[in-house]
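Working notes, structure below.
The values are calculated or read from the model by the stated rules, or taken from the named source; none is laboratory data. Everything quoted here is computed from the prediction, not taken from an experiment. Counting neighbours? That spans all protein chains shown, and the Cβs are built from the backbone with ideal geometry, glycine included. The area values use the complete protein model at the heavy-atom level, side chains included, leaving out ligands, DNA and RNA. Shrake-Rupley method; radii C 1.70, N 1.55, O 1.52, S 1.80 Å.
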Amino acid sequence: GAGNSLTIYGQDNQSGQLITTATSNAAGIGGGTNGNGSNITINGGAITATGGTYAAGIGGGKAGNGSNIIINGGTVTAKGGTSAAGIGGGYYMSGSNITINGGTITANGGSGASGIGGGDGGESDNVYVATDLIIKADGNNPPETEITNTGGDLASSLVGKRYVNIEIDLNVLKKNAIDEINKAIDGVTDADILAIATTAITDINNATTEDDINSIKTFALTKINAIAAITAARQGIKNTELNNWIDTAIKEIKIGSQDATPSIDDIKDQILTIIRYFQNGKAEGIADANAALPSDAQDAAGHTVTITKGEKTLKLVNPDKVTFGKQE
């Protein structure tokens, strides 16, 4: 009822067990018939809550809202009754201010209801799920749909799962993005690559939206991975002119702006293809920006690549007049 609260703790080893099965129109944990279920906090233990007809597993009873529900840990299984949420509102009622910070959660709503949020016809508002959890939920029971998330875009992974207004924990996203960048530069000594990573990490820490975090991370990794691929492919090449082209490509990648991500991949693909042709041997061709690799035709403008079979030679004409992804 109004003004009441319930806090559940499990032992340190999480062995504490609570099983509730409601009858009639009451929630498993929360409101009775026509009653709201609010101010519920679960800190641990093995919790199984099954709602009665039209009532939530954890939250509102029939015609009751579910709000201010916090789960910080434990193994929690919540099953809503007919048209009621697993965690949240009863039939046609809302689920709001629901926060899941930890634990392994299984939440199944009745027909048409949210796994976590509002009952069938009810609103879901301010539902927050941390992005490093394993969440199992489905709007209709059966089947049970498992969503495993280790820090990626939880909102997109929940499409069609009847979660509403999921808020992403930016701190978790930032940490995971920075971890990816640090992994990509593990063992790298190139000062320019390290500078790319350092700048990206600073920008990620200052980012205020999920899109910005992902964009900065993707751009930095695109640069770092492109340079790494080219550097690995050029090992053992002694041809001076080809090495000059490779150096030019790497320089273009390093100074590229964030809106140039597609061209970074173009530069990488073009250079890797020319390196491959040089290593394998190939007849005369051109450095054609549109084709992005040598062909059998001669470029009328004179920007040629001549790769000789057998003899590991290369002829590049006017390389300073060719920009990667575009021919001047």
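Name the single residue that is nearest to Asn34 (Cα to Cα) among those in region 73-103 being within 26 Å of the chain's Cα centre (by Cα) and among the polar types (S, T, N, Q). Ranking the qualifying residues of region 73-103, first place goes to Ser96. Aliphatic (A, V, I, L, M) and modelled with pLDDT under 95, is that true of Ile40? No, not satisfied. Scanning region 87-104 for residues that are of a type outside the set (A, V, I, L, M), over 14 Å from Ile47 (Cβ atoms) and open to solvent by 10 Å² or more (accessible area, probe 1.4 Å) turns up Tyr91, Tyr92, Ser94, Ser96, Asn97, Thr99, Asn101.
Answer yes if at least one residue in region 251-269 is part of a helix (DSSP H, G or I), among the hydrophobic types (A, V, I, L, M, F, W, C), open to solvent by less than 60 Å² (accessible area, probe 1.4 Å) and at pLDDT 85 or above, and no otherwise.
Initial filter on region 251-269 (part of a helix (DSSP H, G or I)): 251-255, 258-269.
Still in the list and also among the hydrophobic types (A, V, I, L, M, F, W, C): 253, 255, 260, 264, 267.
Subset that is open to solvent by less than 60 Å² (accessible area, probe 1.4 Å): 253, 260, 264, 267.
Still in the running and at pLDDT 85 or above: 253, 264.
Within region 251-269 (the criterion being part of a helix (DSSP H, G or I), among the hydrophobic types (A, V, I, L, M, F, W, C), open to solvent by less than 60 Å² (accessible area, probe 1.4 Å) and at pLDDT 85 or above), the answer is yes, since at least one residue qualifies.
I need the full set of residues from region 234-247 which are part of a helix (DSSP H, G or I), buried (at least 17 other Cβ atoms within 10 Å of the Cβ) and touching a residue at least 40 places away in the same chain (Cβ under 8 Å), in order please. Of everything in region 234-247, those that are part of a helix (DSSP H, G or I), buried (at least 17 other Cβ atoms within 10 Å of the Cβ) and touching a residue at least 40 places away in the same chain (Cβ under 8 Å) turn out to be Leu242, Trp245.
Scan the helices (runs of 4 or more DSSP H) fully inside region 116-227 and keep the ones with 2 or more residues being at pLDDT below 65 and aliphatic (A, V, I, L, M).
Values: elements: 154-157, 170-184, 191-206.
Here the list reads 154-157.
Filtering region 105-123 for residues that are surrounded by fewer than 24 Cβ atoms within 10 Å (Cβ to Cβ) and within 24 Å of Tyr9 (Cα to Cα) leaves a non-empty set.
Determine if region 10-31 includes at least one residue that is in a loop (DSSP other than H, G, I, E, B), in contact with a Lys or Arg (Cβ under 7 Å, 6 or more places away or on another chain) and on the phi > 0 side of the Ramachandran plot. Within region 10-31 (the criterion being in a loop (DSSP other than H, G, I, E, B), in contact with a Lys or Arg (Cβ under 7 Å, 6 or more places away or on another chain) and on the phi > 0 side of the Ramachandran plot), the answer is no, since none of the residues qualifies.
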